[in-house]
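Here is the structure we will look at.
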Amino acid sequence: MNKELSELLKIYSTKSHKDFSDRLANSSKETIISLFTDIVTMYINDRNSSTLREYLTVTIAGYERRKGKIGHNSFK
């Protein structure tokens, strides 16, 4: 995790939504792309978070994803 992402997560978790939005608004396009890439990479590769992997699997297979973690993941 890069330093900017670490700082942004701290702001999101401990300060107001305005503080978070202001920080993002003052970031360059390249920084925001880098932040988003790091978040997606971390999230999709996290062994304990199956949400994105389930979403990709069911949508690529042509199913509609169900919300919730108990029961079937999708339906057609």
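The values are calculated or read from the model by the stated rules, or taken from the named source; none is laboratory data. Keep in mind it's a predicted model, so treat the numbers as computed, not measured. Because the Cβ atoms are built from the backbone with ideal geometry, glycine has one as well, and the counts that use them run over all protein chains shown. All accessible areas refer to the heavy atoms of the entire protein, side chains included, with ligands and DNA or RNA removed. Shrake-Rupley method; radii C 1.70, N 1.55, O 1.52, S 1.80 Å.
State whether one or more residues within segment 21-38 are assigned to a loop (DSSP other than H, G, I, E, B), open to solvent by less than 100 Å² (accessible area, probe 1.4 Å) and at pLDDT 90 or above. Give the steps one after another, and end with the answer.
Restricting attention to segment 21-38, the residues satisfying the condition of being assigned to a loop (DSSP other than H, G, I, E, B) are 26-28.
Narrowing further to those that are open to solvent by less than 100 Å² (accessible area, probe 1.4 Å): 27-28.
Subset that is at pLDDT 90 or above: 27-28.
Yes, segment 21-38 contains at least one residue that is assigned to a loop (DSSP other than H, G, I, E, B), open to solvent by less than 100 Å² (accessible area, probe 1.4 Å) and at pLDDT 90 or above.
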ask   = Does any residue in segment 34-55 that is within 24 Å of Glu7 (Cβ to Cβ) come within less than 9 Å, Cβ to Cβ, of a residue that is modelled with pLDDT of 85 or more and β-branched (Val, Ile, Thr) six or more places away or on a different chain, and which pairs are these?
value = Leu52/Val40; Leu52/Ile44
Residue ID - surrounded by the most Cβ atoms within 10 Å (Cβ to Cβ), chosen from residues in segment 59-71 that are modelled with pLDDT under 85 and not in a loop (DSSP other than H, G, I, E, B) = Arg65
